1. I'd like to check something: does region 172-180 contain any residue that is more than 30 Å from Asp228 (Cα to Cα), surrounded by fewer than 19 Cβ atoms within 10 Å (Cβ to Cβ) and at pLDDT below 85?
2. I'd like the residue in region 291-339 that is of a type in the set (A, V, I, L, M) and more than 25 Å from Phe397 (Cβ to Cβ) and, out of all such residues, is modelled with the highest pLDDT.
3. If you take the residues in region 105-118 that are touching a helix residue (DSSP H, G or I) at 6+ places or on another chain (Cβ under 9 Å) and exposed (fewer than 15 other Cβ atoms within 10 Å of the Cβ), which one is modelled with the lowest pLDDT?
4. Of everything in region 210-247, what is under 30 Å from Leu182 (Cα atoms) and either outside the structural domain of Tyr172 (by TED's automatic domain parsing) or of a type in the set (S, T, N, Q) (or both)? Give them in sequence order.
5. Consider Val373 against the criteria (1) modelled with pLDDT of 80 or more; (2) under 30 Å from Lys94 (Cβ atoms); (3) touching a Lys or Arg at 6+ places or on another chain (Cβ under 6 Å): it satisfies all of them except one. Which criterion is unmet?
6. Any residue at all in region 4-15 that's among the hydroxyl-bearing types (Ser, Thr, Tyr), more than 38 Å from the chain's Cα centre (by Cα) and surrounded by 17 or more Cβ atoms within 10 Å (Cβ to Cβ)?
7. Among the candidates Ala149, Ala155, which residue alone is under 30 Å from Ala401 (Cβ atoms) and at pLDDT 90 or above?
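The values are calculated or read from the model by the stated rules, or taken from the named source; none is laboratory data. On a predicted model such as this, the values are computed, not experimentally measured, just so you know. For neighbour counting, all protein chains shown are included, and Cβ atoms are generated from backbone atoms with ideal geometry for every residue, glycine included.
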Amino acid sequence: MFNLLSSNFIDVAVEGISTIELKWIGYVIKWIFDLFSGMPGAIALGTILFTIMLKTLVLPIDVFSRIKMRKQSLLMESMRGDMEKLKKQYANDKNMYNQKVLELQRANGYNPLGACLPTIISLVVFMFVFSSFSQYSQYANLTSYNEMAKEYSRAVQNYVVTADSSDSEDKYFLIAAVEDGLNNPVEKRDIKRAADGNFTDENGVAVEIYGYAVDYDKFGSYYKTAEDRAEELPEDWDAVWAGMSEVEKNEVVKNYVRIPARAAAAAYYHEHSPETSFPASDWWIGNVWYPDSYFKKEIPSFADFRSTISRAVGSSIDVNYEESYNEVTFDLQAEKDRPNGYFVLIILAIGLMFLQQFIMMRSQKAANELSTVDGQAATTNKMMMVIMPIIFGIVSFLYSAAFSLYMIVNTTYSLISTLIINKAVTVRFKNDNDKKAMERASKRAGKRSK
């Protein structure tokens, strides 16, 4: 029977963390990102494609909303003369002014609520995507960590003796402890190594490893000739090794198997980091799943990692995972010290949102100036021109660089479509007005001829 308390037992396992259950849109996002798998800047490319696809999907609603808004603004502009007269006439009577304005608007077909419903729908879509994208960011972070943990464990398992390895090879100096069906861990030499590096029983069923017993004689012989050994051994190594206590021997074993395990975890990260860099490897953002911020690190501390993941899963991650997290990321010290970004995407998100608000305010100039007798609407819109970019900046700072990129592409798309729509509606509105003016002039000429 294998005794878990025996002194030749070592525990070098690292723990994964339960994955996040994605919503359906999360799987759509994953599918799009997988299209660019293996390419530098894959996540950035996937984010851009996802944003364009989503904006194109809701484009009819967006177009309808912006056409209505522009038409209403042009209608308001056409009523400017009458409304300015009302402002002078009822400058000291807001209620009467509002009543007269409503009567004038009805007479001219103006409906201030005409564009509200499409705008609300677009806002709901944005909030839904915001929630799903944020969740997927943490899903991606967690998946990356769990894959690194698997690579770490596989590196340790390279030293485990199995039914398909030779007992005569000194490399296999660890003996896995598995459950015997009665909740009793036992030494197991007849397990098999599966294609994925994990272990199965003779029937191909995966088995859970509880720890490893050390064959000290094998390790002593193997360590003496190991090429990846970090220390120089004395000439009388066999005697030194034999004279060590089992606790001391275990420390040597653990330190040895952890070196390739840590390297394997780091190698997995480095292999996939070009995909999560932006816009490509070695550029200013190390990991697009974290904010583009000088105050955030490419590989966060466990406290930051725990905070973001806990927010996504809706429950706090056990602090006992810290030892495993630090072990898995042990060889990523440079990434732990490196700033993840320099606020470039955050500044772009703020700037583009400010520009969008400015263009919208200019396109709604007449409505802002004339909808209230005291100009309060214009003041409110000027405040929104400042508040909205600030909100976007805060969101960009708190959430991932990938989401900042989503907002930048989303805003750019909206800006371009707004300018095109505004121009088209203005031309159409002017042509319609010119046509009506010509019809009225023709009617007046006809009356005079009679």
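1. yes
2. Among them, the one singled out is Val328.
3. Looking at the filtered set, the residue picked out is Leu117.
4. Residues satisfying the conditions do not exist here.
5. Evaluating Val373 over (1) modelled with pLDDT of 80 or more; (2) under 30 Å from Lys94 (Cβ atoms); (3) touching a Lys or Arg at 6+ places or on another chain (Cβ under 6 Å) leaves (1) as the failure.
6. no
7. Of Ala149, Ala155, the one residue that is under 30 Å from Ala401 (Cβ atoms) and at pLDDT 90 or above is Ala149.
Rundown of residues vs (1) closer than 27 Å to Lys150 by Cα; (2) part of a helix (DSSP H, G or I), yes/no style:
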{"position": "Tyr223", "(1), (2)": "yes, yes"}
{"position": "Glu232", "(1), (2)": "no, no"}
{"position": "Trp241", "(1), (2)": "no, yes"}
{"position": "Asn255", "(1), (2)": "yes, yes"}
